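Report on the structure given below.
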Amino acid sequence: MLALTLVAAAPAPDGKSSGPKHLSAKALAAELSDDDGASQGKPASTKASSTKPKATKASDRATTAEEKPSRPKVTAAKPTAAPVPDSKAATISDTKAAGGQKPVWEVATVPPDAVEVAKSTYIVQPGDTLSAVVRKTGEGADVIAHDNDLAAPFKLRPGQKLKIAGGRYHTVKKGQSGIAIARAYQVEWSKIIELNHLQDPFTLREGQRLLLPPAKDVAKMSLEQRAAAFQIDLTDLATGSEPALAPTAKAAAPSLSPTRQLAPTTPVAEPEVAFVGRFDWPVQGKIIRPYGPMDNGGRNDGIAIAAPRGTVIAAAADGVVMWVGEHPAFGNVVLIKHGSGWITIYGNADKLVVKRGQAVKIGQTIARVGTSGTSADLPQTFFEVLQGRKPVNPMGLLPKRARQPDGNDSDADPDQNSD
């Protein structure tokens with residue numbers, strides 16, 4: 001079972017911008033392949049206090065209107081204890097559902113060894129590449145490319161002036177994950193994605209430099225804001241749970257064996273076949289909570305499908321299992337990546353029957369319906385579809401179903417509550 005850990009965020013001493021130019025994962029790997037400036041450090045560990053929080057009702061399983069649109073930020077797990085204070089946040093720890101392994105962000109913890117890079121203007125020298133400029137200035141390749149409107153293949157010309165905006169940078173070490181890096185600096189992973197203009201599939205590479213919020217801004221954050229770095233939602237799992245690779249290394253190829261157990265620090269390869277974004281139903285049953293705004297002012301980023309306990313949960317499309325584990329709100333969860341940025345999420349399961357890194361086919365059993373997590377008060381499957389970091393209404397991607405015996409349509413309008 002999950003060892004639910006509650007982390008009290010202590011004060012630390014220590015703007016989203018957008019643009020048309022981004023480094024692809026492949027391009028970034030090529031640029032960093034000759035970057036020998038990555039520093040190495042031993043993982044640091046953090047201790048946490050433990051307490052038992054109060055359960056959340058199924059009707060309240062989304063964020064409030066004051067929070068950003070997403071799934072619930074979890075602060076509860078057990079039905080008999082007092083509510084968790086706002087300064088604490090439930091996190092994911094060791095779980096038998098994941099084969100007894102600890103998540104990568106606990107195995108490869110991150111020492112907060114960021115360095116400050118001075119603001120400057122760099123004059124391109126003969127023979128300079130983007131990776132050479134990264135080494136000489138300390139700034140990240142993604143940020144340099146974005147701020148100077150550079151497009152792949154990032155050709156530079158002698159005498160060209162490059163803006164170096166400066167800031168606080170963390171150098172990624174092999175095996176570190178986005179979630180672990182965010183925790184080390186007590187900031188949200190989504191904020192690091194925004195600052196660095198990271199794009200799908202959000203693969204981190206050893207030696208990559210990530211821009212962080214200024215230390216003075218973090219010092220001004222409230223305990224509640226800082227605690228958000230220790231809360232893990234499903235989008236974080238989809239985009240920040242994979243360990244970083246060496247610059248030119250390849251992720252582990254998918255396996256057909258349900259017995260192969262990948263190490264937490266071994267990244268899972270993306271499916272090579274392009275995916276068109278059409279799925280089949282993971283479970284046959286009544287939709288008890290649709291996609292979109294909820295009556296309590298929150299938002300549901302997926303759909304909840306009621307079915308008898310033990311009913312098969314099937315893969316909605318071919319893909320590779322990227323994460324298997326236990327989440328405080330959504331219980332036993334499986335994440336499958338299908339390629340082209342598409343990821344499906346299956347929650348509230350009773351039993352999980354696949355392993356991380358396993359290749360699956362559409363219709364293959366991946367789990368059984370249950371009531372795990374605080375978001376389910378009856379047997380059901382939470383099903384969500386992501387493209388990149390964006391939730392997509394599953395109803396527009398699933399086949400139409402027949403009218404149910406009670407006279408109500410089992411399927412909502414595909415356009416209802418869509419973004």
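Students often get this wrong, so check it: of 119/191; 155/220; 250/361; 136/390; 119/155; 174/216, which have C-alpha atoms separated by over 30 Å? Walk me through the numbers before you get to the answer.
On the way: 119/191 21 Å; 155/220 40 Å; 250/361 23 Å; 136/390 35 Å; 119/155 22 Å; 174/216 28 Å.
Too far apart for the 30 Å limit: 155/220; 136/390.
Between residue 296 and residue 115, what is the FRET efficiency for a Förster distance of 45 Å, r being their Cβ-Cβ separation, to the nearest 0.05?
Here the calculated transfer efficiency is 0.50.
Based on the Cβ-Cβ distance of residue 276 and residue 309, what FRET efficiency does E = 1/(1 + (r/R0)^6) give at R0 = 35 Å, to the nearest 0.05? Let's see the in-between values first.
On the way: r = 33 Å, r/R0 = 0.95.
Efficiency, from the Cβ-Cβ distance: 0.55.
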inquiry  = If amide hydrogens are placed 1.01 Å from N in the peptide plane, which non-local residues have theirs closer than 5 Å to the one on residue 332?
reply    = 327, 348, 349, 372, 373
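Could you order peptides 340-347, 144-151 by the average number of other Cβ atoms within 10 Å of their residues, highest first?
On the way: 340-347: 23.5, 144-151: 18.0.
Per-residue mean Cβ counts within 10 Å order the peptides as 340-347, 144-151.
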request  = Calculate, in nm to one decimal, what residue 362 and residue 401 gain on full extension: separation in residues at 0.36 nm each, minus their alpha carbon distance.
outcome  = 12.3 nm
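Take every Cα-Cα pair in the stretch 286-396 and report what % of them are more than 24 Å apart. Intermediate values should be presented prior to the final figure.
Numbers: 1005 of 6105 pairs.
Everything past 24 Å amounts to 16 percent.
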query = In nm, what is the difference between 0.36 nm times the number of residues separating residue 165 and residue 136 and their Cα-Cα distance?
reply = 9.0 nm
key: Förster radius 30 Å - calculated FRET efficiency between residue 151 and residue 246, Cβ distance, rounded to 0.05   = 0.70
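Could you order peptides 266-275, 309-318 by the average number of other Cβ atoms within 10 Å of their residues, highest first?
Values: 266-275: 16.3, 309-318: 20.0.
My ranking of the peptides, most packed first, is 309-318, 266-275.
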inquiry  = Give me the extension gain from residue 284 to residue 123: residue separation times 0.36 nm, minus the current Cα-Cα distance, reported in nm with one decimal.
reply    = 51.8 nm
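Rule-based calculations on the coordinates, nothing more; no lab input. Keep in mind it's a predicted model, so treat the numbers as computed, not measured. Cβ atoms come from the backbone with ideal geometry, glycine included; neighbour counts cover every protein chain shown.
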